[in-house]
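Data first, discussion second: the structure below is written as structure tokens.
Laboratory data are not the source of any read-out in this text; all were calculated from the coordinates shown. Computed from a prediction, not measured in an experiment: that's the story for all the values here. Note: ideal-geometry Cβ built from the backbone for every residue, glycine included; neighbour counts use all protein chains shown.
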């Protein structure tokens with residue numbers, strides 16, 4: 001079976017016959033799961049995406065659609081056998097179909113390969129030919145579908161231009177004139193399309209027509225946009241006038257300052273959108289990557305470096321929202337650094353190095369990648385200090401902060417970094433970095449158990465957010481206030497545990513739509529577990545809780561709460577070392593707790609060794625969003641267990 005969404009949504013059996021998917025809502029559910037690319041989509045998200053004003057029985061209707069789709073997609077599945085295609089996962093659903101069996105995934109994968117390896121240009125042409133119309137063409141009136149259509153149309157246009165560029169670079173492409181002429185007519189604002197059309201005409205021996213195309217491009221850019229043609233267009237015009245032979249490979253040139261910053265403008269817009277959160281944040285990440293790819297295609301190193309480095313959006317969390325996108329940005333930055341060489345402009349190199357450090361989130365990295373990112377952070381900071389550029393230094397220090405989770409117990413060091421960011425931002429009017437400095441200091445004070453200082457930083461961050469329109473800040477400070485309520489629920493006269501849980505649930509509701517899956521997934525269950533541990537209660541066992549990336553470390557305690565001791569012991573033996581991120585102290589403490597409960601002395605000793613430097617901190621509180629209580633408590637229990645006491 002294959003599923004197609006590049007056009008109207010449809011599913012086809014292996015013999016090519018269509019699958020009856022049902023009505024428009026059924027097809028939209030399938031389409032929305034396709035757009036998630038194998039990731040789980042929560043029931044709440046599906047309801048919100050399907051209905052502008054959800055009816056009272058929306059969840060029941062959704063389940064009906066899912067059940068009907070399961071029957072259509074797996075008609076031969078025996079009763080009581082679990083579905084294998086449209087599966088239930090945590091609090092939602094996911095589609096389990098090989099990427100080669102979904103046209104949009106196949107297209108995106110082929111485009112990604114073509115960017116890296118021009119030899120797959122034939123496959124790219126075939127993938128482009130699978131488009132039957134606008135993506136999700138029959139899913140109308142849905143905001144999520146419109147966003148996907150816009151994103152995928154940009155990728156299709158990129159694919160058309162990339163295929164043409166590869167063919168022209170290889171000495172072919174004279175037969176592309178008609179195709180590129182139609183492309184330019186439909187998308188006259190795409191400057192690379194004009195260049196490709198002129199190259200194709202030149203390849204076909206039509207120099208006069210090629211020059212006419214370049215004159216039209218110049219007139220449009222100057223008269224209607226007020227922009228000069230790019231260096232690439234100007235070089236091409238000069239080459240044709242001088243009678244040069246058509247180029248057989250793309251040129252890479254250093255053009256210095258003053259180049260046209262079309263992709264940079266897109267990046268500036270993406271940076272602005274990122275601060276708004278929600279759908280705007282998701283869209284900004286996609287726009288940013290598209291701008292980087294567009295800049296790279298020009299072959300202009302200065303433009304590419306400035307486009308990559310322009311997205312200096314402050315970043316606070318050590319797990320990426322979109323790891324694949326972050327890796328793509330890091331790879332582009334590293335390619336550009338290599339091309340610039342060690343003698344390239346220091347300001348561009350500093351921004352590229354800071355980008356590597358900021359985008360290389362420690363929770364997602366191998367040991368080798370982590371070392372590269374830490375080195376990039378140090379080099380960016382050194383260059384920024386030498387250049388005496390406050391905004392650049394603030395950006396570089398953001399990278400230093402994100403690479404400062406190398407071991408447990410470094411909250412005080414992060415507090416110093418946050419203080420310097422805040423001082424720079426205050427003295428040099430950098431309001432977005434002032435917010436970052438406040439939030440870094442909030443996290444650090446939270447980790448050190450200083451709730452009064454953390455509360456002051458939260459209040460100051462909220463005030464700054466009101467003037468900078470940073471709508472994500474109240475989401476984060478709301479979580480901090482829930483974390484503070486949880487801690488105070490253990491004190492005489494403090495809120496009850498139930499009240500603290502209510503605060504966490506309200507914070508969870510706000511975070512769900514904030515566009516930060518790297519932060520959101522698993523956070524609420526972990527917060528509830530921390531609250532229970534503060535009150536010496538067993539772990540929550542609700543099967544609908546999505547533990548996300550924290551599952552390996554929480555599972556032994558969940559199994560113990562279900563009186564499944566041997567399974568818990570097996571799970572504990574399989575627990576890996578925690579990623580070096582905001583939650584590392586919490587994960588070590590959870591492992592220590594399970595080891596103590598099960599009498600696993602060797603594991604307890606290992607945990608104790610890891611936690612000693614963090615004995616003055618609170619587990620999980622480095623996030624500023626939850627707490628498991630003082631590390632010292634878990635450390636003492638682990639040391640006692642290791643000693644056989």
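Using a simple spin-label model with pseudo-atoms 7 Å out from Cα toward Cβ, residue 490 and residue 536 lie 1.2 nm apart.
Spatially, the stretch 599-645 and the stretch 353-397 are offset by 30 Å when compared through their Cα centroids. Remark: the stretch 2-143 projects, on average over all directions, an area of 9.7 nm² (convex hull of Cα atoms).
For the listed peptides 588-598, 200-210, 28-38, 618-628, a ranking on the average number of other beta carbons within 10 Å per residue, highest first, reads 618-628, 588-598, 28-38, 200-210.
The overall shape of the stretch 171-241 is oblate: from the C-alpha gyration tensor, with semi-axes ordered a ≥ b ≥ c, the ratio a/c is 1.5 or greater and a/b is no larger than b/c.
Taking 0.36 nm per residue of sequence separation and removing the Cα-Cα distance, the residue 244/residue 563 pair yields an extension gain of 106.9 nm. Of all DSSP bridge pairs formed entirely within the chain, close to 85 percent run antiparallel.
Packing around the peptides 410-422, 516-528, taken as the average count of other Cβ atoms within 10 Å per residue, puts them in this order, highest first: 516-528, 410-422.
Please work out whether the stretch 545-645 counts as rounded, prolate or oblate from its C-alpha gyration tensor, where a ≥ b ≥ c are the square roots of the eigenvalues and a/c under 1.5 means rounded, while otherwise a/b larger than b/c means prolate and anything else oblate? Note, shape of the stretch 545-645 comes out oblate.
What does a probe at residue 429 reach in the stretch 381-418, counting residues whose amide N is under 14 Å from the point 7 Å along Cα→Cβ? What the label zone holds, given the 14 Å backbone N cut-off, is 391. The angle between the Cα long axis of helix 390-402 and the main principal axis of the chain comes to about 50°, on a 0 to 90 degree scale. Taking Cα atoms only, the orientation of helix 367-387 departs from the longest principal axis of the chain by about 70 degrees. Between the C-alpha center of the stretch 42-85 and that of the stretch 310-351 there is a gap of 41 Å.
Given a Förster radius of 25 Å and the C-beta distance between residue 502 and residue 452 as r, what FRET efficiency does 1/(1 + (r/R0)^6) yield to the nearest 0.05? According to the calculation, E is roughly 0.60. Beta-bridge orientation, the stretch 2-143: approximately 90 percent antiparallel, per DSSP, counting only bridges with both partners inside.
How far is the Cα center of the stretch 125-182 from the Cα center of the stretch 187-206, in Å? Using only Cα atoms to place each centre, the spacing works out to 16 Å. Using C-alpha pairs below 8 Å separated by at least 6 residues, the relative contact order for the chain is 9 percent. Short-range pairs are left out: with C-alpha atoms under 8 Å and at least six residues apart, the relative contact order of the stretch 90-249 is 16 percent.
Across all directions, the average projected area of the convex hull around the alpha carbons of the chain is 32.0 nm².
The calculated FRET efficiency for residue 204 paired with residue 153, based on their beta-carbon distance and R0 = 30 Å, is about 0.60. Considering all different alpha carbon pairs of the stretch 489-560, the Kirkwood hydrodynamic radius works out to 13.0 Å. Taking a ≥ b ≥ c as the square roots of the eigenvalues of the Cα gyration tensor, an a/c ratio of 1.5 or more together with a/b larger than b/c marks the stretch 12-74 as prolate. Remark: spin-label model distance residue 109-residue 391 equals 4.2 nm, labels positioned 7 Å along the Cα→Cβ axis. Taking the C-alpha atoms only, the angle from helix 231-241 to the longest principal axis of the chain is near 20 degrees. Across the stretch 530-642, the mean sequence separation of Cα contacts (distance under 8 Å, 6 or more residues apart), normalised by length, yields a relative contact order of 25 percent. Model label sites at residue 37 and residue 100, defined 7 Å from Cα along the beta-carbon direction, differ in position by 1.9 nm.
Rounded to the nearest 0.05, the FRET efficiency derived from the C-beta distance between residue 544 and residue 81 at R0 = 30 Å is 0.90.
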